[in-house]
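S.K.: Please find one structure pasted underneath; my questions will follow.
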Amino acid sequence: MKRVLLLISSIAIAQVPYERIRDAAKEPGNWLTYSGNYQGHRHSPLAEITPANVSGLKVKWAYQFPGGRNQTTPIVVDGVMYITSPNRAAALDAKTGRELWTWERPVPKDYQSIGFGRVNRGPAILDDKLFVATLDCYLVALDLKTGQQRWETKVEDYKPGYSMTLAPLAIKGKVLVGVSGGEAGIRGFIDAYDAASGQRSWRFFTIPAPGEPGNETWAGDSWKTGAGSTWVTGSYDPELNLVYWGVGNPGPDWNGDSRKGDNLYTCSFVALDGDTGKLKWHFQFTPHDTHDWDSAHVPMLVDAPVNGKVRKLIVNPNRNGFYYALDRVTGEFIAGRAYARQTWAKGLDDKGRPIVIPGTDPTEEGNLTWPALNGATIWYSPSYSPKTNLVYVATREVGATYFKRAAEFKPGTFFAGGGERQIPASEQWGAIRALEPATGKMAWEYKLLSAPWAGVLSTAGGLVFSGSNEGNIFALDGKTGKPLWNFHSGGAVASNPISFSIDGRQHVALPADKVLYVFGL
Amino acid sequence: MKKLLVFLALPVLAQQLDTGKRIFESQCALCHGPDGSGGRGPNLRKAKLKNAPDEDVLKKVIVDGIPPEMPGAWQLHPAEVTATAAYVRSLGKLVVEEIAGVPAAGENVFANAGCVACHIVNGKGIANGPELSAIGSRRNAKHLRESITAPNSFLPDGFQILEVTDAAGRISKGVKANEDLFTIQLTLSDGRHASFQKASLKGLRRITGQSTMPAFNSLAAIDLDNLVAYLVSLKGAE
């Protein structure tokens, strides 16, 4: 009897080993990582819900979050759904929505979010633990069964403006996180922690120090407050063992006078070795950005034919209004084009560098430019469907008058150097757009009344799910963009949908304002 | 002595507004716009702020913020907080104008010209147009004069006229009460509401630049002056 007990207590059961996440396509009923797979596709291989039957979709259960508008992407494993809100996590019975456990960590009284909302975008799972990134910049590992804390590691000090809102990315043996704080003059980084102990394995600074390549793209000491936050979850190629991550804007945002140069690696994608964090390549979308066009996006890894040859691509509809397809082995630019209204560049040259129209920087009097600072798209996820071979992106059509002001650096305060005034709400709009992955050419669009704040999910059933500011949760035909189903949620949708199955039946989940809705046939 | 004080106080105030402006532009403009007209945060160019009715509360809002969307600027020195608050208030002050009319006389014009058939003031009247109880703290005299003589020149939010044709070919015209991607809600002229599925409509016409308010351009000049003076005097319940 004693021996049996000993056996039970001495073996840590690795419920979700790395291989399960790597092979996520083999278990379509679960949602094992932020984007559904390491490739950043936010695509569900489930095909029970189709254009023919989606009109019968009904609410199965709902969950009310404490606090403000929720932005979580749940993890679903073996009948349990794990969700987060700021400094809080919970495990729910995926059949009923009943809580199995909850965990909370107080937010320090003097904590402040400088330049973003108090949100959390989801947990990560690996082996026997759930990982949560907190506003006060700790990475916390919880016991999957009970929610009890296993370890916590201080990632950075929150007082000068470091914070975390993203879902961590768990790869083999490691948990990766990035930081917010791009409006506070931080020096951004991507960190990897040992999943078992919480010890830091490596750190990659997004702003190179003197002596490191890239530092020459910063005038004087400006690199010290260069920002380059990393606030959206990256992607991973297990074969190449490369981690891909988007980097945010340079600081101060709208006044580039003190930071002459390209300001690497802000507004870029970086490819890092998963074991060491060493930089393999980088691609900068917006050199010397002065419009707050963070490249805080989920990179999508897609294999698609280019001139008759299938290539390993990394693709991105960027906040700056252009769509990019790059080679993900080398970072080489392959194709790009505007996918939304933009008035700041004539186009891209053959290396993918924007041909900037002179006089489009913010000024004292103000300069009207498209897109507005929240971009042609923003943090929420795009989707790639291997079934339709299309990329789907919620696109924002908003312009703004950008202003430049003096920027004075004081740790823990705004270091922004200006602002914007958007065009009237009645002239703003948006669309769900379907783009060809290798070129960015538009296949169709579905118009929205206002610029969206919700991401998209595609499914093997041939549907695209998303939500609107007006509270609609809807499904479109993935081939044509035709609306096929909708539900009025009663709150603005500002999150990403997922799909999973309960007892073999497909479900779709999406938070709208403070409520998580779960739909099924 | 008194004179001296006035002389001293003016530059101090100007300096304070200057400090407030600098802080506002570096720490608040990101969300409220460089001129306070709003963006991610609300427009602050208003005489009355819902969450900051008085000076103490305004200072508290600046220091503590309003969770979860607005961060507090707790690191500011109390003098800087006072300066920022003064600057925020200065944004909401409408430029003082010379107004020719007499408010009390204007109140009579308001009643006799039929304005009460469409506007509620301090709880009285009929709600076919926007409530005007605090219109004087939101709009200046020039705007108010134009609203009366040329209502089509500016339509405040929530007064778009729509004409819908349903599947049976019936036409309804009304003011848009709300709209989402799939449905539309109208307020009809009899005060009732109608709801439509956009997909089931034969026609949907958005009538822009046209107000349901008639243009009052045959009022006597003195009546118009008095009416404007009356509207300017409507500052809302204290």
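S.K.: Could you count how many residues in the stretch B:168-206 are within 14 Å of chain A (Cβ to nearest Cβ), under 26 Å from B:LEU132 (Cβ atoms) and either among the aliphatic types (A, V, I, L, M) or surrounded by 14 or more Cβ atoms within 10 Å (Cβ to Cβ) (or both)?
M.R.: Summing the residues that are within 14 Å of chain A (Cβ to nearest Cβ), under 26 Å from B:LEU132 (Cβ atoms) and either among the aliphatic types (A, V, I, L, M) or surrounded by 14 or more Cβ atoms within 10 Å (Cβ to Cβ) (or both) in the stretch B:168-206 gives 4.
S.K.: What number of residues within the stretch B:1-58 are among the aliphatic types (A, V, I, L, M), in a helix (DSSP H, G or I), more than 30 Å from A:LEU368 (Cα to Cα) and at pLDDT 80 or above?
M.R.: Within the stretch B:1-58, residues that are among the aliphatic types (A, V, I, L, M), in a helix (DSSP H, G or I), more than 30 Å from A:LEU368 (Cα to Cα) and at pLDDT 80 or above number 2.
S.K.: Within the stretch A:335-400, which strands (runs of 3 or more DSSP E) (wholly inside it) include 3 or more residues that are touching a strand residue (DSSP E or B) at 6+ places or on another chain (Cβ under 7 Å) and under 26 Å from A:ALA494 (Cβ atoms)?
M.R.: Answer list for the stretch A:335-400: A:383-385, A:390-397.
S.K.: Now for a different question. Go through the stretch A:422-452 residue by residue and tally those that are over 23 Å from A:GLU183 (Cα atoms), aliphatic (A, V, I, L, M), surrounded by 19 or more Cβ atoms within 10 Å (Cβ to Cβ) and more than 9 Å from chain B (Cβ to nearest Cβ).
M.R.: 5
S.K.: If you don't mind, there's one more thing I want to ask. Given (1) surrounded by fewer than 24 Cβ atoms within 10 Å (Cβ to Cβ); (2) in contact with a strand residue (DSSP E or B) (Cβ under 8 Å, 6 or more places away or on another chain); (3) part of a loop (DSSP other than H, G, I, E, B), where does A:ALA219 come up short, assuming only one miss?
M.R.: Every condition holds for A:ALA219 apart from (2).
S.K.: Oh, and also: Go through the residues of the stretch A:249-257 one by one and say whether even a single one is part of a helix (DSSP H, G or I), away from chain B (no Cβ under 14 Å) and over 23 Å from A:SER85 (Cα atoms).
M.R.: Looking through the stretch A:249-257, at least one residue is part of a helix (DSSP H, G or I), away from chain B (no Cβ under 14 Å) and over 23 Å from A:SER85 (Cα atoms).
S.K.: Any residue that is more than 8 Å from chain A (Cβ to nearest Cβ), part of a loop (DSSP other than H, G, I, E, B) and of a type in the set (S, T, N, Q) - is there at least one of those in the stretch B:61-83?
M.R.: Scanning the stretch B:61-83 turns up no residue that is more than 8 Å from chain A (Cβ to nearest Cβ), part of a loop (DSSP other than H, G, I, E, B) and of a type in the set (S, T, N, Q).
S.K.: Among the numbered criteria (1) of a type outside the set (Gly, Ala, Ser); (2) over 18 Å from A:LEU166 (Cβ atoms); (3) surrounded by fewer than 16 Cβ atoms within 10 Å (Cβ to Cβ), which single criterion is violated by A:ARG203?
M.R.: (2)
S.K.: Taking the condition assigned to a loop (DSSP other than H, G, I, E, B), modelled with pLDDT of 95 or more and over 25 Å from A:GLN112 (Cβ atoms), does A:ALA170 pass?
M.R.: The answer is no for A:ALA170.
S.K.: May I pose another question? Looking at (1) within 14 Å of chain B (Cβ to nearest Cβ); (2) under 17 Å from the mean Cα position of the chain (by Cα), which is the one condition that is false for A:ILE83?
M.R.: (1)
S.K.: Could you tell me which of the residues A:GLY122, A:GLY182 is farther than 30 Å from A:ASP503 by Cα, of a type in the set (Gly, Ala, Ser) and in a loop (DSSP other than H, G, I, E, B)?
M.R.: Answer to the selection: A:GLY182.
S.K.: Okay, moving on. When you go through (1) modelled with pLDDT of 95 or more; (2) on the phi < 0 side of the Ramachandran plot one by one for A:GLY117, which number turns out not to apply?
M.R.: All conditions pass for A:GLY117, except number (1).
S.K.: Evaluate the stretch B:208-228: report whether one residue or more is under 19 Å from the mean Cα position of the chain (by Cα) and closer than 30 Å to B:ARG89 by Cβ.
M.R.: yes
S.K.: Quick check: is even one residue across the stretch B:151-172 in contact (Cβ under 8 Å) with a residue 12 or more places away in the chain and of a type in the set (Lys, Arg)?
M.R.: No, the conditions are met nowhere in the stretch B:151-172.
S.K.: If I go through the stretch B:52-75 residue by residue, how many of them are within 20 Å of A:VAL107 (Cα to Cα) and either acidic (Asp, Glu) or in contact with a His (Cβ under 6 Å, 6 or more places away or on another chain) (or both)?
M.R.: 2
S.K.: A:VAL464 passes all but one of (1) out of contact with any helix residue (DSSP H, G or I) (no Cβ under 8 Å at 6 or more places or on another chain); (2) within 13 Å of another protein chain (Cβ to nearest Cβ); (3) in contact (Cβ under 8 Å) with a residue 60 or more places away in the chain; which number fails?
M.R.: Only one criterion is unmet by A:VAL464, namely (2).
S.K.: While we're on this one: Any residue that is at pLDDT 95 or above and within 12 Å of chain B (Cβ to nearest Cβ) - is there at least one of those in the stretch A:413-421?
M.R.: So far as the stretch A:413-421 goes, no, none of its residues is at pLDDT 95 or above and within 12 Å of chain B (Cβ to nearest Cβ).
S.K.: Any idea which of (1) closer than 30 Å to A:SER499 by Cβ; (2) more than 13 Å from chain B (Cβ to nearest Cβ); (3) not aromatic (Phe, Trp, Tyr) is the one A:THR369 doesn't satisfy?
M.R.: Condition not satisfied by A:THR369: (1).
S.K.: Something else now. Just checking, how many residues over the stretch A:75-114 are of a type outside the set (A, V, I, L, M), touching a Pro at 6+ places or on another chain (Cβ under 8 Å) and in a loop (DSSP other than H, G, I, E, B)?
M.R.: Count: 4.
S.K.: Return the pair list, or none, for Cβ contacts closer than 6 Å from residues in the stretch A:418-440 that are under 30 Å from B:ALA29 (Cβ atoms) to residues that are of a type in the set (Asp, Glu) and assigned to a strand (DSSP E or B), at least 6 apart or on different chains.
M.R.: Short answer, once both residue conditions are applied: A:TRP429/A:GLU397; A:GLY430/A:GLU397; A:ALA431/A:GLU445.
The values are calculated or read from the model by the stated rules, or taken from the named source; none is laboratory data. Just so we're clear, the structure is a prediction, and the values are computed from it rather than from any experiment. Heads up, the Cβs are rebuilt from the backbone with ideal geometry, glycines too, and the neighbour counts pull from every protein chain shown.
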